[in-house]
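Here is the structure we will look at, set down as C-alpha cells.
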Amino acid sequence: MLIKRGFAWIAATAALAACGDEGLGGPEFPDVSGQYVVRFEATEATGCKGFVETGFTDGFLQVTQQDEDVTLELTEVTEFILTDPEGRIDSDGHFLFDGTIAIGDGESSTTADGAIDGFFNLVAGTIDLAFDFTAFTCQVRGRITGQRGGGI
C-alpha cells in the first residue's frame, strides 16, 4: 500500500509540474506592457457645457504591468487626465478599470468616476478599450485604440 501511494504521489506531482505555473500557482497574465501608438477618442460628451467636446488625439500610451495590475499612462496622451488609471487584466487579455481619476484643465481640477473596459489582443498586439466617465453633469464616452509600437 505504501508503494502504491508513493507512485500515485509521484504521478500527481509530475502532472502538476507539466501544467507549469497555472497548475501550481494560478493563472499567468499576458504581458501587455510597452508603448502603444493610440487614438484617444471622445465619441460622446453630454452635459459638459463646452468643457469637453467630441474629437480625438493621437499619441503614445505607455502601459506598465505588475502581474494582473496594469497602469495606462493616459497623462501622456491627453493633458486633461491628471492621474493614470490602474486596472486589472485577466489571462485572456480582458482589461477593466472601475474607479476615479483626476481631470482638469491646468487651472482647476476635479474627479470623474467611471470605467475603462476592453481587450488587449495579444496575437495582433492591439489595444481596444471603451471608456465612460462622469463628473457632475458631464458624461464622456469614447475609445482608446491602437497598436503596440506601431501605427494606428
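Remarks
- Condition check for A112: surrounded by 17 or more Cβ atoms within 10 Å (Cβ to Cβ) and over 15 Å from the mean Cα position of the chain (by Cα): yes
- Count - residues of region 102-123 that are at pLDDT 95 or above and under 20 Å from R39 (Cα atoms): 8
- Among (1) polar (S, T, N, Q); (2) within 12 Å of the chain's Cα centre (by Cα); (3) open to solvent by less than 30 Å² (accessible area, probe 1.4 Å) - the single one T78 does not satisfy: (2)
- So V38, is it under 15 Å from the mean Cα position of the chain (by Cα) and touching a residue at least 24 places away in the same chain (Cβ under 8 Å): yes
- Just one of (1) among the β-branched types (V, I, T); (2) at pLDDT below 95; (3) in contact with a Ser or Thr (Cβ under 6 Å, 6 or more places away or on another chain) fails for T75. It is (3).
- Looking across region 41-72 at every residue that is over 15 Å from the mean Cα position of the chain (by Cα), surrounded by fewer than 16 Cβ atoms within 10 Å (Cβ to Cβ) and among the acidic types (D, E), the one that is modelled with the highest pLDDT is identified as E44.
The values are calculated or read from the model by the stated rules, or taken from the named source; none is laboratory data. Quick caveat, the model's predicted, so the values are computed rather than measured. Here Cβ is always computed from backbone atoms with ideal geometry, including for glycine, and neighbour counts include all displayed protein chains. The area values use the complete protein model at the heavy-atom level, side chains included, leaving out ligands, DNA and RNA. Shrake-Rupley method; radii C 1.70, N 1.55, O 1.52, S 1.80 Å.
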